[in-house]
Each structure stands twice: as C-alpha cells, then as structure tokens.
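Following: one structure in structure tokens, then a few remarks.
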C-alpha cells in the first residue's frame, strides 16, 4: 500500500492515462463536436486535475459476465467508460485536424460494440518480443497501448489541437493505423479495492478445457478469433484466418479433440487438455481439422495452415506455456503458444489482409514465435446456441 507502483490494474478501476510523449492526459469536457459524427469529444489536456480526466476500465467480452475487481493483463480485451459514455473509434468520420479517424465518446448501447473494445497491449518498446506478455501483470505507471479490435486502430495523440473554437485548448485524440510512441500511455490507478486497508483483487474466473470442449481461440495481440470458412486455398483446402467481428460467429467455434494411440488405432479420451499434450482442433461448422498444409507455402513464403478432412486425427498440435504454470492443465484465459508437431512451427496471425478473402487477417506458421503467436481461449461453450 505504501508503494504506488505495486498497485495492479483491475476491472472496474478508476484510472488516468498519461500520454508518454506529451505528458498530456486523456480527457473529455463533454462538448459535442461540430463536424463529423457530432458526438462527444475525446482529447488531451495538460491539467491532471481537470474534470474529465478519469475513466473506468473494464474487462470486455468475457465468458464470465461481471469481472469486477479481477486483474487486467496484457492481451485482455477492455473498454473505457466515463459516466454513461464509452470510448469509441469511429471509422466513418475523419478527425477535425489531422483527417485521421475519430476517437469519441458515445452513449452506451445494450451491448458494447466492437468499435469500443480494445486489446490492451505492451508498448513499442517490447514489440516483436513475447517478454512482456510473460510478465502479464499491469501495474501503476505501466506503459500500455489500446488497439481497437475491429479497426486495428490505436488510441493515439500528438501535439495537434482541435480546430473547433470551444476546443482550441484541447489536443486531438484519434484512431491511428501506424504504430509509434504516440500510441503509448502511462497508467495511473486511482480507485483501489480496499478491505481492512489491504488491496483486495479477486482471482480471475477460469474454466478447464476437456476433450469435446467447444472453444473460441483469440489472438492475444489482435483480439481476433481463429476462423475458418468454406472459401478454399489453391490447394483446395479451407482458408484459416483470424476475424475481428464482434459478436463472434459460428465460424470461430472449434472442438478440442484429444486422441490416444493404441497400436494402429486412435480413439478419443475423456481427459482434460494439458500443456505439451498432443491434440487436434475440429472446425465445428465444417467438420474439418486444423492442419499444416504440408509442402504448401503462402505468397510471403510462410508455411501454410488450412482446414482439411484428409488424414483425420493425424494432425496434432501442442499448447506451450509462456511461463511456468501452477498446474499442467490448460485453462480459459491462459496465454500460450500453439505449436504444430509436424513442422515444429507456431501458429501466428498478423494485421494484414488474409491470403484469399482479403477481409480477415493472415494466419500462418512461423519458426520463431513473437507477440503475434500468443493465443488465449476466450470462451468455452456448451453448444452453438446464439452463434449465427
């Protein structure tokens, strides 16, 4: 309690975000824009004590409902709230000064929209490395980025002021598609959950994964879900991508298949999925297995991943932990690598148009894992109900 930097970020915390490059604070004075969407402005101010510099941060789109007072980690999905309004990236309108995409506050709807959900990710200082996700914890004064999952635009600021007269002393905040240190924000945690003078955080809700579990697998630094569909690669196998759509769709449902070999026969085992254990992923909609497309490379020379019904159960993957685990079992919300046991390469997705559809994100195998190779299980489902 004496050391502020020991404070850990949690769902429901009241925070300020201080811009790394300018030392300005994210804020809103509730003034409406006179152009573009004409929604409530979002900008930056130099005055730390100005009303409107504090926001609530919440875990978003989880399988567990209310996650109040549970820790927020790098790779989580979050939203920022101020009173009854939510921080939103609006791709349909340009910002007043720099003609980028608008960053605004919008009234809360029945459900949080994809344009209001952000991946909380490490700074550029750690880009391309999986070091920071191993540490996982976000503390007071940690540096974060907030990347919108549907547009892949970051909450970004610099030294450009609004053109609007009643906002002329406010720095513009935008949605930006490039990555640089103007995406970086210090976290200043204000609201602390105290019980008898002690900081009290709840453990993260979690679910084990079993043979037959129906899961949604999310890329930890894109916020996109592993997807396949009926569109075919040149090899006549199904394309595999990641998809940013919220709410998730049935093409993102995968069944975990655990197999046991006895002689020349394989049969399923009713066991829990363990780290390092061989398993397969069956695409629920098309009954095809996730596979390394042996001998096939993509246009960028990466190893191709696909879905196929050939050689059923012969494609095996392993889940590799990023750090030492307290248990051998894999749980929802763990962060891990997915390794193909045939080519010994890692499943990876990046924010570039997919090879065939061009509307989702590239997914492939790579020899050296990076942040783009980190995954988590977003949801464990009993059935396909509510997924179109």
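The numbers here are math on the coordinates, done by the rules we state, and not lab data. Model, not experiment: these values are computed from the prediction. Positions of Cβ are generated from backbone atoms using ideal geometry, with glycine treated the same way; all protein chains shown enter the neighbour counts.
Spin-label pair residue 109-residue 46: with each label point 7 Å from Cα along the Cα-Cβ axis, the two points sit 3.9 nm from one another. With each label modelled as a point 7 angstrom along the Cα→C-beta vector, the residue 341-residue 23 pair spans 5.6 nm.
Exposure proxy ranking for 18, 234, based on other Cβ atoms within 10 angstrom of each Cβ and starting from the fewest, stands as 234, 18. Once R0 is set to 30 Å, what does the formula 1/(1 + (r/R0)^6) return for the Cβ-Cβ distance between residue 163 and residue 84, expressed as a FRET efficiency to the nearest 0.05? Approximately 0.65, to the nearest 0.05.
The average projected area of the stretch 4-199, computed from the convex hull of its Cα atoms over all directions, is 11.0 nm². Treating r as the C-beta distance of residue 296 and residue 94 and R0 as 35 Å, the FRET efficiency rounds to 0.30.
Remark: spin-label model distance residue 286-residue 137 equals 4.3 nm, labels positioned 7 Å along the Cα→Cβ axis. In the chain, helices alone account for a calculated mean residue ellipticity at 222 nm of 0 deg cm²/dmol, with every DSSP H run of four or more residues adding -39,500 (n - 2.57). Between 111, 172, 39, the residue with the greatest mean-square fluctuation in the GNM of the chain (Cα pairs under 10 Å linked by springs) is 111. Both radii come from the Cα set of the stretch 214-381: Rg as radius of gyration, Rh as Kirkwood radius; their ratio Rg/Rh reads 0.93.
Below 8 Å, C-alpha to C-alpha, sequence gap of six or more: please give me the relative contact order for the chain in percent.
15
Normalised by the number of residues in the stretch 214-381, the average gap of Cα pairs under 8 Å and 6 or more apart makes the relative contact order 26 percent.
Cα centroids of the stretch 8-25 and the stretch 72-120: 15 Å apart. Extension gain, residue 310 to residue 358, is 14.7 nm, computed as 0.36 nm per intervening residue step minus the present C-alpha separation.
Give, in nm to one decimal, the length gained when the segment between residue 207 and residue 190 is fully stretched (0.36 nm per residue of separation minus the Cα-Cα distance). Fully extending the segment from residue 207 to residue 190 adds 3.1 nm.
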